[in-house]
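Novice: Structure below; questions to follow.
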Amino acid sequence: MTPLPYRVTAKRRETPDTWTLDLEPVSEPIATPRPGQFTMLYAFGRGEIPISVSGLPGDGAPLRHTIRAVGNVSEALCDLAPGDGLGVRGPFGTCWGLDGAEGRDVVIMAGGIGLAPLRPAIEHVLVHRDSYGRFAVLVGCRTPGDLLYAGQLESWRGRFDVEVEVTVDSADPGWHGDVGVVTSLLPRIPVDPDNIAVMMCGPEVMMRFGARAMVERGVAEVDIEVSTERNMKCAIGHCGHCQLGPKFICADGPVFPLSQVGPLLAVRSL
Amino acid sequence: MATVPGCFVVTPSDLSALFGILDELGYRTLGPTVRDGAIVIGEISGISDLPIGITDEQGPGRYRLRDGVAGAWFGFAVGPQSARAHLSPPERPLLEIRSRGPTLEFVEPEHHTERTALFGIRPCDLAAMEVQDRVLARGPHPDPRYVAARDTTLVVVVNCGVPADTCFCPSTRTGPRARSGFDLSVTEVVDQTDHYFVLEPGSEAGVEIVERLEHRPADRAEVNAALATTEAAVEAISRSLPEQLNGRLLAAADHSRWDEVAARCLSCGNCTMVCPTCFCSDVRDTTDLAGDTATRVQVWDSCFTLGHSHLHGGSVRADTRSRYRQWLTHKLDTWWDQFGQSGCVGCGRCITWCPPGIDLTVEAAAIVGGG
Ligand SMILES: Cc1cc2nc3c(=O)[nH]c(=O)nc-3n(C[C@H](O)[C@H](O)[C@H](O)COP(=O)(O)OP(=O)(O)OC[C@H]3O[C@@H](n4cnc5c(N)ncnc54)[C@H](O)[C@@H]3O)c2cc1C
Ligand code: SF4
Ligand code: SF4
Ligand code: FES
């Protein structure tokens, strides 16, 4: 339960309320996280919250996190400046099934801040591009100004080996892209149900609709992964806060195959 | 008559020496004592601290003390407290965080685990300690302070002869007689003519304690009398929990009974505070006035609070129905998936201490269809 001291080395504003922080250990680092895992970030005197790893770890890369300021702790973390100290515990939880997805088509679907935990998965597929089949990245957010990693999405869009589609719930005049919920992008992509891996993160309704659409197109529930969210205090299976029915999301998740959590996510207020 | 190996008889006056012996062996003793009209767990230095001759009357939403069998040491059932508060205190400092320039320094507070004898805990509470062990000591991240407290705790379990109306340990197979996990087990035999204790050591430490007490080997009749007390307790217990609830309560997540119980439940969380297996915790963060030192304190939490399931945008379990359902399905159903056993040891506390007297055995039976 004791964090390791880290400091902020770089800070980037992604949207009006969301920042990406690069972190380095003051002395000892945490173990190298894998895409899909999260850490517990401690802001001095304010508290500790779970935040996903948002950049492909390893090879001297900094520990990267993208944080949306929504309350007490996330606001304090977004207020940190380069050089400021914080605490990090982890990494915790399950990772995206990138190894199992090798040789298959990959579809990534993200809503809002849900793109953050998926970015390392996207980066991994792009680094190991020959190991995967067709690759599609579908992104939805509220308005064009809420789009995370806009520059990076633009550069991916310029590649021929990945299909990137972005949609917004409501557009402003400068927007020439799609308008609508992210699930409306699904009909555009080819689906070979026997040879696909789907990874989703976003609001629970988005994941429910997205998963249903994929299942209707013949994709097996074991081939659809979702990343789930609950209140977390300990991340080690002790505090009881993150339960979703029989699952402790901090330890059994946050990434689950839909076959394990589909029925649980369907129960209201579980 | 032939003696029974491993069983010893000690008289009440000789058992009084136990507290001095525990003290000599370096233990502080916690045990049953009367405070504010209830039998709680407190420091015990001699028999005058015990609720001798006192019994309890318990029912749904009801608890009171009255005179029981004169001279009986253990003529009562469980009170509101269990071993849980000793092993994982309701409030404990986790960390001190010092701000050294921009860098943070994390310091774990010194903690001293006092060797403690839990005297007179009941078989259900011993079973509850083993339930909590699986959560806090046997997982991939053992809680060092829980483990330290557990390793320095000596258990003197007392088998039950006088169960409460709310007890149902036979159906959860956790009582009224403890089978393992204790250092010393005690059964009180008290009737018109006799008053003695049958002791069974369950560890080296238990053997040593018996050796230091005035004792003699128990004969078959005495052991049979001890067994008869717990058999009588089984007969006296009428409540029972339906068997094999794993997989059956959550499957009935839409049952109308959840609405009915939610109309009675106050979301007060009493049930979770008295339950010996509940383990939910929260953390509190504060900063000192100078602003360069902060602390993290861990406190007991309850799944009945709104904050327990708080997420940005609101609580997942915003109504009492979903919170009662979380409590019951976790305790009796999903605990099996998580830890391979039930989260209920049949102590009945949550029935007694529930202001409207909600009885989980009745609720579970109604939901799975009669039980
Ligand atoms: C696995 C996982 C990964 C995540 N990854 C990311 C990510 O990459 N980026 C991101 O931006 N977000 C992420 N989140 C969400 C993020 O953790 C939350 O937004 C964050 O916890 C909000 O904390 P806060 O202090 O800023 O907000 P607050 O709403 O102030 O909540 C702070 C804490 O205070 C408590 N609290 C608040 N209100 C109450 C109340 N009324 N009663 C009792 N307690 C209360 C809550 O328990 C909460 O934990 C992730 C969540 C999970 C579970
Ligand atoms: S659920 Fe009730 S009866 Fe079961 S162990 Fe907890 S308090 Fe005792
Ligand atoms: S079941 Fe009873 S004790 Fe538990 S929260 Fe509801 S009213 Fe309180
Ligand atoms: S976050 Fe504490 S049990 Fe999962």
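Novice: Just going by the charge dipole of the protein assembly as shown, with Lys and Arg at +1 and Asp and Glu at -1 on Cβ, which of B:TYR146, B:PHE197, B:LEU266 is farthest out on the positive end?
Specialist: Working it through, the farthest residue towards the positive pole turns out to be B:LEU266.
Novice: How do B:HIS312, A:HIS176, A:HIS128 stack up against each other in accessible area, from largest to smallest, with a 1.4 angstrom probe?
Specialist: Working: B:HIS312 110, A:HIS176 170, A:HIS128 80 Å².
If we order B:HIS312, A:HIS176, A:HIS128 from most to least accessible, we get A:HIS176, B:HIS312, A:HIS128.
Novice: Return the percentage of antiparallel bridges among DSSP beta bridges fully within the protein assembly as shown, rounded to the nearest 5 %.
Specialist: On the way: 80 of 115 bridges.
Percent antiparallel among DSSP bridges in the protein assembly as shown is about 70.
Novice: Another question about this same structure. If I fit a long axis through the Cα atoms of helix B:220-236 and take the longest principal axis of the Cα atoms of chain B, what angle between them do I get, 0 to 90°, rounded to 10?
Specialist: With both axes taken from Cα atoms, the answer is about 40 degrees.
Novice: Still on this model: Summarise the accessible area of chain B (1.4 Å probe, protein heavy atoms) by the percent that is carbon and sulfur.
Specialist: Values: 7770 of 15600 Å².
Heavy-atom surface of chain B belonging to carbon and sulfur, 1.4 Å probe: 50 percent.
Novice: So for the pair B:ASP292, A:GLU24, with labels modelled 7 Å out along Cα→Cβ, what separation do we get in nm?
Specialist: Taking the two extended label points, one gets 2.5 nm.
Novice: Quick one: net charge around A:VAL164, please, counting Lys, Arg +1 and Asp, Glu -1 for every other residue with C-beta under 12 Å from its C-beta. Walk me through the intermediate numbers first.
Specialist: Working: positive: A:ARG157, A:ARG159, A:ARG188; negative: A:GLU154, A:ASP161, A:GLU163, A:GLU165, A:ASP178.
Net of charged neighbours comes to -2.
Novice: Oh, and also: Which of A:LEU186, A:LEU41, A:GLY174 sits farthest toward the positive end of the charge dipole of chain A, with +1 on the Cβ of Lys and Arg and -1 on the Cβ of Asp and Glu?
Specialist: Of the options given, the answer is A:LEU41.
Novice: Let me ask another. For chain A, give me the percentage of DSSP beta bridges that are antiparallel, rounded to the nearest 5 percent. Walk me through the numbers before you get to the answer.
Specialist: Values: 34 of 58 bridges.
Antiparallel bridges make up about 60 percent of those DSSP assigns within chain A.
Novice: What FRET efficiency comes out for the pair A:ALA171/B:ARG92, r = Cβ-Cβ distance, R0 = 51 Å, nearest 0.05? List each step's numbers first, then the result.
Specialist: Details: r = 52 Å, r/R0 = 1.02.
Taking R0 as 51 Å, the efficiency between A:ALA171 and B:ARG92 is 0.45.
Novice: Here is a follow-up. For a quick check of understanding: with a 1.4 angstrom probe and all protein chains in place, what accessible area in square angstrom does A:ARG217 have, to the nearest ten?
Specialist: My reading of the accessible area for A:ARG217 is about 90 Å².
Novice: Still on this structure, please answer the following. Quick check for me: using +1 on Lys/Arg Cβ and -1 on Asp/Glu Cβ, what's the dipole size of the stretch A:73-175 about its Cα centre, in debye to the nearest 20? Spell out each step's value before the answer.
Specialist: Numbers: 8 positive and 15 negative charges, 41 e Å.
Approximately 200 debye in magnitude.
Novice: Please build a GNM for chain B, connecting alpha carbons under 10 Å apart, and tell me which residue among B:PRO123, B:PRO163, B:PRO217 fluctuates the most.
Specialist: With Cα springs under 10 Å in chain B, the top fluctuation among B:PRO123, B:PRO163, B:PRO217 is at B:PRO217.
Novice: Can you tell me the orientation of helix A:204-216 relative to chain A, as the angle in degrees between its alpha-carbon axis and the longest Cα principal axis, to the nearest 10?
Specialist: That helix lies at roughly 30 degrees to the long axis.
Novice: Take the stretch B:209-342, compute every pairwise Cα distance, and split them into 10 Å bins from 0; I just need the percent in each bin.
Specialist: For the stretch B:209-342, the binned pair fractions read 10, 24, 25, 17, 14, 9, 2, 0 percent.
Novice: I would also like to ask the following. Using 0.36 nm per residue, how much length does the chain from B:ARG138 to B:GLU43 gain when fully extended, once their Cα-Cα distance is taken away? Write out the running numbers ahead of the final one.
Specialist: On the way: separation 95, 0.36 × 95 = 34.20 nm, distance 2.87 nm.
That works out to 31.3 nm of additional length.
Novice: Please compute the average number of Cβ atoms from other chains found within 10 Å of each residue's Cβ in peptide B:280-289. Don't skip to the end; give the middle numbers.
Specialist: Working: counts 7, 6, 6, 6, 1, 9, 2, 3, 1, 0.
Counting Cβ atoms of other protein chains within 10 Å of each residue's Cβ and averaging gives 4.
Novice: Now for a different question. Gap in Å between the Cα centre of the stretch B:117-131 and the Cα centre of the stretch B:276-294?
Specialist: 28
Novice: Given the options A:ALA251, A:LEU118, A:LEU153, identify the residue whose Cα lies farthest towards the positive end of the charge dipole of the protein assembly as shown (+1 on Cβ of Lys, Arg; -1 on Cβ of Asp, Glu).
Specialist: Among A:ALA251, A:LEU118, A:LEU153, the one farthest towards the positive end of the dipole of the protein assembly as shown is A:LEU153.
Novice: Tally the DSSP beta bridges in the stretch B:1-134 and give the antiparallel ones as a percent, rounded to 5. Intermediate results must be reported in sequence, preceding the final value.
Specialist: On the way: 17 of 20 bridges.
Restricted to the stretch B:1-134, the bridges split so that about 85 percent are antiparallel.
Novice: Contour minus end-to-end for B:ARG212 and B:GLU57, with contour as 0.36 nm per residue of separation and end-to-end as the Cα-Cα distance? Mind showing how you got there, number by number?
Specialist: Values: separation 155, 0.36 × 155 = 55.80 nm, distance 3.57 nm.
Result: 52.2 nm gained on full extension.
Novice: Right, something else. Compare the peptides B:109-118, B:174-183, A:97-106 by average per-residue count of other Cβ atoms within 10 angstrom and give them in order, highest first.
Specialist: On the way: B:109-118: 14.4, B:174-183: 21.0, A:97-106: 17.3.
In decreasing order of mean packing, B:109-118, B:174-183, A:97-106 become B:174-183, A:97-106, B:109-118.
Novice: Considering just Cα atoms, how many Å³ per residue does the convex hull of chain B enclose?
Specialist: Numbers: hull volume 61.0 nm³, N = 371.
Once divided by residue count, the hull of chain B is 164 Å³.
Novice: Let me ask you something else. Taking the full set of protein chains and a 1.4 angstrom probe, give the accessible area of B:LEU95 in square angstrom, rounded to the nearest 10.
Specialist: Solvent-accessible area, nearest 10 Å²: 10 Å².
Novice: If I take the Cα coordinates of the stretch B:206-275 and project them onto the principal axes, what are the three extents in Å, biggest first?
Specialist: So the three principal-axis extents are 59, 25, 23 Å.
Novice: Separate question: With a 1.4 Å probe and all protein chains in place, put A:ARG68, B:ARG296 in order of accessible area, largest first. The partial results should precede the final answer.
Specialist: Numbers: A:ARG68 75, B:ARG296 10 Å².
Ranking A:ARG68, B:ARG296 by accessible area, largest first, yields A:ARG68, B:ARG296.
Novice: Nearest 100 Å² is fine: what is the total accessible surface buried where chains B and A meet, probe 1.4 Å? Intermediate values should be presented prior to the final figure.
Specialist: Numbers: alone 17260 and 12040 Å², together 25920 Å².
Interface between B and A: roughly 3400 Å².
Novice: Additional query: Dipole magnitude of the stretch B:108-178 about its Cα centre, charges +1 at Lys/Arg Cβ and -1 at Asp/Glu Cβ only, in debye to the nearest 20?
Specialist: Details: 8 positive and 9 negative charges, 67 e Å.
Here the stretch B:108-178 has a charge dipole of around 320 debye.
Novice: Follow-up. Express in Å², to the nearest 10, the accessible area of B:GLU243 obtained by rolling a 1.4 Å probe over the protein heavy atoms while all chains stay in place.
Specialist: Accessible area of B:GLU243: about 100 Å².
Novice: Going by average Cβ density within 10 Å per residue, which order do the peptides A:160-171, A:114-125, B:348-359 take, highest to lowest? Mind dumping the intermediate values first?
Specialist: Numbers: A:160-171: 16.2, A:114-125: 25.0, B:348-359: 21.5.
Per-residue Cβ counts within 10 Å, averaged per peptide and sorted highest first, yield A:114-125, B:348-359, A:160-171.
Novice: Using the alpha carbons of the stretch A:136-237, what is the convex hull volume per residue in cubic angstrom, as a whole number?
Specialist: Taking only Cα atoms, the stretch A:136-237 has a hull volume of 144 Å³ per residue.
Novice: Using Cα pairs closer than 8 Å and at least 6 residues apart in sequence, work out the relative contact order for chain B, in percent.
Specialist: Values: 751 pairs, mean separation 83.9, N = 371.
Relative CO of chain B lands at 23 percent.
Novice: Let me ask something else about it. About the Cα centre, and with charges only on the beta carbon of Lys, Arg (+1) and Asp, Glu (-1), how big is the dipole of the stretch B:211-260? Nearest 20 debye, please. List each step's numbers first, then the result.
Specialist: Details: 6 positive and 10 negative charges, 17 e Å.
Using only the charged Cβ atoms, the result is roughly 80 debye.
Novice: Just counting partner chain Cβ atoms within 10 Å, what average do the residues of peptide A:39-48 show around their Cβ? Display every interim value, and only then the final one.
Specialist: Working: counts 0, 0, 0, 7, 3, 11, 13, 4, 5, 4.
The per-residue average across the peptide is 5.
Novice: Report, as an integer, the average count of C-beta atoms from other chains found within 10 Å of each Cβ along B:94-103. It would help to have the intermediate numbers written out before the result.
Specialist: On the way: counts 3, 6, 0, 8, 1, 3, 3, 2, 11, 9.
For peptide B:94-103, the averaged partner shielding equals 5.
Novice: Mind jotting down the distance between the C-alpha centroids of the stretch B:139-185 and the stretch A:160-221, whole Å?
Specialist: 53
Novice: Tell me the label-point distance for the pair A:ASP192, A:THR9, using the 7 Å Cα-to-Cβ offset, in nm and rounded to one decimal.
Specialist: Using points 7 Å along Cα→Cβ, the separation is 4.0 nm.
Novice: Kindly rank A:243-255, A:25-37 from highest to lowest mean number of other beta carbons found within 10 Å of each residue. Working shown, then result.
Specialist: Numbers: A:243-255: 23.4, A:25-37: 16.8.
My ranking of the peptides, most packed first, is A:243-255, A:25-37.
Novice: Taking R0 as 35 Å, what's the FRET efficiency between A:VAL70 and B:GLU204 from their Cβ-Cβ distance, rounded to 0.05?
Specialist: Working: r = 55 Å, r/R0 = 1.58.
For A:VAL70 and B:GLU204, the calculated efficiency is 0.05.
Novice: Moving on. Can you work out ³J(HN,Hα) from phi for every residue in the stretch B:79-91, in order, using Karplus 6.51 cos²θ - 1.76 cosθ + 1.60 and θ = phi - 60°, giving whole Hz and x for Gly and Pro?
Specialist: x, x, 9, 10, 5, 4, 5, 6, 7, 9, x, x, 8
Novice: Please compute the per residue accessible area over the protein assembly as shown with all protein chains in place, 1.4 Å probe, rounded to a whole number of Å². Could you put the intermediate results ahead of the total?
Specialist: Numbers: 25920 Å² over 641 residues.
Heavy-atom accessible area per residue stands at 40 Å².
The values are calculated or read from the model by the stated rules, or taken from the named source; none is laboratory data. As the structure is a computational prediction, the values presented were derived from the model and not from experiment. So basically every Cβ, Gly included, is an ideal-geometry build from the backbone, and we count neighbours across all protein chains shown. Keep in mind that these areas ignore ligands, DNA and RNA; they rest on the heavy atoms of the full protein, side chains included. Shrake-Rupley method; radii C 1.70, N 1.55, O 1.52, S 1.80 Å.
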